[in-house]
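*Asks:* Just passing along the structure, written as structure tokens.
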Amino acid sequence: MAKTLAEKVWDAHVVRKGDGEGANAQPDLLYIDLHLVHEVTSPQAFEGLRLAGRQLRRPDLTIATEDHNTPTLDIDKPIADLTSRTQIQTLRNNCQEFGVRLHSLGDAEQGIVHVVGPQLGLTQPGMTVVCGDSHTSTHGAFGALAMGIGTSEVEHVMATQTLSLKPFKTMAINVEGTLRPGVSAKDIILAVIAKIGTGGGQGYVLEYRGSAIRALSMEARMTICNMSIEAGARAGMVAPDQTTYDYMYGRPHAPQGAEWDAAVEYWNTLLTDEDATFDVEVDLDADTLEPFVTWGTNPGQGVSLSSKVPSPEDFGDENAKAAAERALSYMGLAAGTPMKEIRVDTVFLGSCTNSRMEDLRAAADIIRGRQKDPNVRMLVVPGSARVRLEAEAEGLDKVFTDFGAEWRFAGCSMCLGMNPDQLEPGERCASTSNRNFEGRQGKGGRTHLVSPVVAAATAVRGTLSSPSDLEPAQDSAAFRIDAA
Amino acid sequence: MEKFTTHTGIGVPLRQSNVDTDQIIPAVYLKRITRTGFEDALFAAWRKDPAFILNQEPFSAGSVLVAGPDFGTGSSREHAVWALKDYGFKTVLSSRFADIFRGNSGKQGLLAAELAQDDIELIWKELENAPGTPVTVDLVSKTVQCGNLVAPFEIDDYTRWRLLEGLDDIGLTLKHEEDITAFEATRPVFKPLTLPAKLS
């Protein structure tokens, strides 16, 4: 029978098929190839193991890092927040006790768990990857079935290396065409979420397909898969291809020699069969896509940057109307205001969505030779210590600090403000992260989700801006685009 | 896990869609390493507003949350379920739940019952017109009763069975340990191991 990519990966991991058929079917027991662990969602799971006298079944398929709580300044000093310090110390103790490999703050491989896995070559096509973090969908960019799980499931994976799951439905997101300059992967996924809604993907695995997806780098594909959860889907995938293999080749945990050849042969079989059918198909035109930005308090409340803040009256559904009213009030926005007239206080470049080398390079290309708006503060937080080192080797840190931005150490940082990097009440932020929920970046903070180049252009002008709004600067990408 | 068969309690109408897990429990409360004691964290930001539904009587003593569509979107934090349970909620009614939240609820004995939005609207009206009206959620018959309304709800059979029996997931899976071991023996050698650690 013809199968989709998701179905192939699923079927290859069924330890035990659930009894029964159709709606009455019990869940399948799926084997998990890689379990990523961090300090926030693991302490209660380790404690559960201890209380039940259970072992961690496969420490050699488990890896931990510290990311959510870690400070991005003064990382050589003890963590000032005592509860954060305790949580980090608890992870260290648990990893020691259960034999889990841990990359701690200060280690060259520490960083956001979804940046670390791919970077080490541990994320590979055809694998099942889980983590107690909803943005585990990121790893789907490699053609892995990767999903976020709750703490009870974390404990279940620790004890059994499996998960009980009911099969998902499948949804194809077809993105055809060519992105225009200044439009990026982030704009694709924000447009997808605006189109299908924050609940549109519930119960589905998304597969991103089409010429525009094939043309994307691995890091751009990770940005897209990362935000599948914002469309309600636990997992999003891209079929592996030469771009995937080129990215992986030579990474520390990538197979080598004959094993590499065997792996590639297998990975090539994972493509969705030509005659396979998806439960749902959604089309998006890349040619006409513009830079996208959110105006509200859920990631589905987004528009083109060149348009205006919508009015609650624009929404037919009563619940959507009420949600829009509430969002505009929280965001302090008036319907009809051009998005580009909205002034921000802070620009955050970082998070598991957009904190990799390409993101930093793209932003640096916009700001090189410019000065930031004096009323804006800009935080640049690399996704991992390794990314930070690579960026410094390219001199990107200098570009950011010359511009007036703060160059920080790696972690989740202001994406969710579990560390000191938070917005003040009422403060408005253009953020390359993934969630614009009320209070997400700090109590009372107001978030507009944007791409790295929009974040950079916004830091220059002080208002939400696309790179094409910038006056040419001698040394910038915007100048080169205009001059071409 | 505690068994769930039927529950009757004060219904709390939360007329809002997309109640995300950052609203149910803000990230600052996730630094704790315990599994209980999260009642103060539930809807922490909203509870500072005296007009919020849980700050009004008799709703503060509610145990059946009746919410808008797309409840529990966002992060995978199971703390959202712990906070609802620690506060005293036994069940949440909504026309649509986020997948991860729904899964987490089932693991912790919090019943996530999916009703038609029309029925949710009728329950909201009843609870607003007659605050304190008890709501009965019966997992055996898969129905909700509020005033004169009796409405069916959906829940997958496996989760229903586990809730009715109060079964521990890990214990169930470990009955199949031989299958797991057999599967592991077929794992291709090219698949990565995290140990021993290889570094760049």
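*Asks:* Restricting to Cα pairs below 8 Å that are 6+ residues apart, what does the relative contact order work out to for chain A? Please round to a whole percent. Intermediate results must be reported in sequence, preceding the final value.
*Replies:* On the way: 1150 pairs, mean separation 79.1, N = 484.
After rounding, I find 16 percent.
*Asks:* While we're looking at this one, here's another question. When the helix-only estimate is applied to chain A (DSSP H runs of n ≥ 4, each -39,500 (n - 2.57), divided by the residue count), what is the mean residue ellipticity at 222 nm, nearest 500 deg cm²/dmol?
*Replies:* Values: 16 runs with 153 residues, N = 484.
Taking each H run of at least 4 residues, the total per residue is -9000 deg cm²/dmol.
*Asks:* Under the definition of Cα pairs under 8 Å and six or more residues apart, what whole-number percent is the relative contact order of the range A:297-483?
*Replies:* Details: 395 pairs, mean separation 48.3, N = 187.
The normalised contact order for the range A:297-483 reaches 26 percent.
*Asks:* Summing +1 for each Lys or Arg and -1 for each Asp or Glu, what net charge is found among the other residues whose Cβ lies under 11 Å from the Cβ of B:L115? List each step's numbers first, then the result.
*Replies:* Values: positive: B:R96, B:K142; negative: B:E114, B:D118, B:D119, B:E121, B:E154.
It works out to a net charge of -3.
*Asks:* Okay, next question. What are the ³J(HN,Hα) couplings of the range A:409-414, residue after residue, when phi is run through the Karplus curve with 6.51, -1.76, 1.60 and θ = phi - 60°? Round to Hz, x for glycine and proline.
*Replies:* 7, 6, x, 6, 6, 6
*Asks:* Give me the inter-chain shielding for A:357-363: mean count of other chain Cβ atoms within 10 Å, whole number please. Each step should come with its number before you reach the end.
*Replies:* Values: counts 0, 0, 0, 0, 0, 0, 0.
Per residue, the number of nearby Cβ atoms from other chains is 0 on average.
*Asks:* While we're looking at this one, here's another question. Quick one: work out the % antiparallel among DSSP beta bridges in chain A, nearest 5. All intermediate terms of the calculation are to be shown ahead of the outcome.
*Replies:* Working: 12 of 53 bridges.
Close to 25 percent.
*Asks:* Round to a whole angstrom and tell me the spacing of the C-alpha centers of the range B:50-76 and the range A:362-416.
*Replies:* 40
*Asks:* Let me ask something additional. Using the Cα centre of the range A:297-483 as origin and beta-carbon charges of +1 (Lys, Arg) and -1 (Asp, Glu), tell me which of A:S431, A:S468, A:L328 is placed farthest towards the positive end of the dipole.
*Replies:* Positive-end residue among those listed: A:S431.
*Asks:* What does the structure give for A:298-309 when I average, per residue, the other chain Cβ atoms found within 10 Å of the residue Cβ?
*Replies:* On the way: counts 6, 4, 3, 1, 0, 0, 0, 0, 0, 0, 0, 0.
Mean number of neighbouring Cβ atoms from other chains: 1.
*Asks:* For the range B:6-184, build the charge dipole from Cβ charges (+1 Lys, Arg; -1 Asp, Glu) around the Cα centre, then report which of B:I33, B:G106, B:P69 sits farthest towards its positive end.
*Replies:* Working it through, the farthest residue towards the positive pole turns out to be B:I33.
*Asks:* Going by Cα centres, the range B:106-156 and the range A:307-350 are how many Å apart?
*Replies:* Cα centroid to Cα centroid, the span is 33 Å.
*Asks:* Taking 8 Å as the Cα distance limit and 6 or more residues as the minimum spacing, I'd like the relative contact order of chain B as a percentage.
*Replies:* Values: 355 pairs, mean separation 49.9, N = 200.
About 25 percent, as a whole number.
*Asks:* Which of A:D187, A:D261 has the fewest other C-beta atoms within 10 Å, and how do the rest follow up to the most? Working shown, then result.
*Replies:* Details: A:D187 27, A:D261 12.
Ascending number of Cβ neighbours within 10 Å: A:D261, A:D187.
*Asks:* Only four residue types carry charge here, +1 at the Cβ of Lys and Arg and -1 at the Cβ of Asp and Glu. Report the dipole size of the range B:6-184 about the Cα centre in Debye, rounded to the nearest 20. Could you put the intermediate results ahead of the total?
*Replies:* Details: 17 positive and 27 negative charges, 118 e Å.
Using only the charged Cβ atoms, the result is roughly 560 debye.
*Asks:* With +1 on the Cβ of every Lys and Arg and -1 on the Cβ of every Asp and Glu, and nothing else charged, how large is the dipole of the range A:297-483 about its Cα centre, in debye rounded to the nearest 20? Intermediate results must be reported in sequence, preceding the final value.
*Replies:* Working: 22 positive and 25 negative charges, 49 e Å.
Using Cβ point charges on Lys, Arg, Asp and Glu, the range A:297-483 gives about 240 debye.
*Asks:* Based on the mean of other Cβ atoms within 10 Å per residue, sort peptides A:433-446, B:170-183 so the most packed one is first. The partial results should precede the final answer.
*Replies:* On the way: A:433-446: 24.9, B:170-183: 14.8.
Top of the packing list down: A:433-446, B:170-183.
*Asks:* With the crude spin-label approximation of a point 7 Å out along Cα→Cβ, what separation in nm comes out for A:D74 versus B:T136?
*Replies:* So the label points at A:D74 and B:T136 sit 6.0 nm apart.
*Asks:* Amide H to amide H under 5 Å from A:L102: which residues, 5+ apart in sequence or cross-chain, H placed 1.01 Å off N in plane?
*Replies:* A:A64
*Asks:* Convert each backbone phi in the range A:186-194 into a coupling constant with the Karplus relation 6.51 cos²θ - 1.76 cosθ + 1.60 (shift: θ = phi - 60°), then list the ³J(HN,Hα) values in order as whole Hz, x for Gly and Pro.
*Replies:* Going residue by residue, I get 4, 5, 4, 6, 5, 5, 4, 5, 4 Hz, with x marking Gly and Pro.
*Asks:* Next question, about the same structure. Would you mind telling me the antiparallel percentage of the DSSP bridges in the range A:297-483, rounded to 5? Show your work: numbers first, answer last.
*Replies:* On the way: 2 of 15 bridges.
Among the beta bridges of the range A:297-483, antiparallel pairing accounts for roughly 15 percent.
*Asks:* Run through the DSSP bridge list for chain B and note the antiparallel percent, rounded to the nearest 5.
*Replies:* Numbers: 14 of 27 bridges.
Counting DSSP beta bridges with both partners in chain B, the antiparallel share is about 50 percent.
*Asks:* How big is the charge dipole of the protein assembly as shown about its Cα centre, in debye rounded to the nearest 20, if each Lys and Arg gets +1 on its Cβ and each Asp and Glu gets -1 on its Cβ?
*Replies:* On the way: 65 positive and 92 negative charges, 258 e Å.
The dipole magnitude comes to about 1240 debye.
*Asks:* At 37 °C and 0.692 mPa s, grab the translational diffusion coefficient of chain A from Stokes-Einstein with a Kirkwood Rh over Cα pairs, rounded to a whole number in µm² per second. Kindly include the intermediate steps, with their values, before the conclusion.
*Replies:* Numbers: Rh = 22.8 Å.
My calculation gives 144 µm²/s for D.
*Asks:* Per-residue mean of other chain beta-carbon atoms within 10 angstrom of the beta-carbon, peptide A:198-210? Mind dumping the intermediate values first?
*Replies:* Working: counts 9, 11, 1, 2, 8, 3, 1, 0, 0, 0, 0, 0, 0.
The shielding value for this peptide is 3.
*Asks:* Please name which of A:H448, B:H79, A:P27 has its Cα lying farthest along the dipole of the protein assembly as shown towards the positive end, using unit charges on Cβ (Lys, Arg +1; Asp, Glu -1) and the Cα centre as origin.
*Replies:* Highest projection toward the positive end goes to B:H79.
*Asks:* If you don't mind, there's one more thing I want to ask. Show the residues, 5+ positions off or on another chain, whose built amide H is closer than 5 Å to the amide H of B:T6.
*Replies:* Hits under the 5 Å cutoff: B:L139.
*Asks:* Sticking with this one: Given labels modelled 7 Å from the Cα in the Cβ direction, how far is it in nm from B:L195 to B:D157?
*Replies:* 4.1
No lab work stands behind these numbers, since they all come straight from the coordinates. No experiment lies behind these values; they were computed from the predicted model shown. Glycine also receives a Cβ, built like all others from the backbone with ideal geometry; neighbour counts cover every protein chain displayed.
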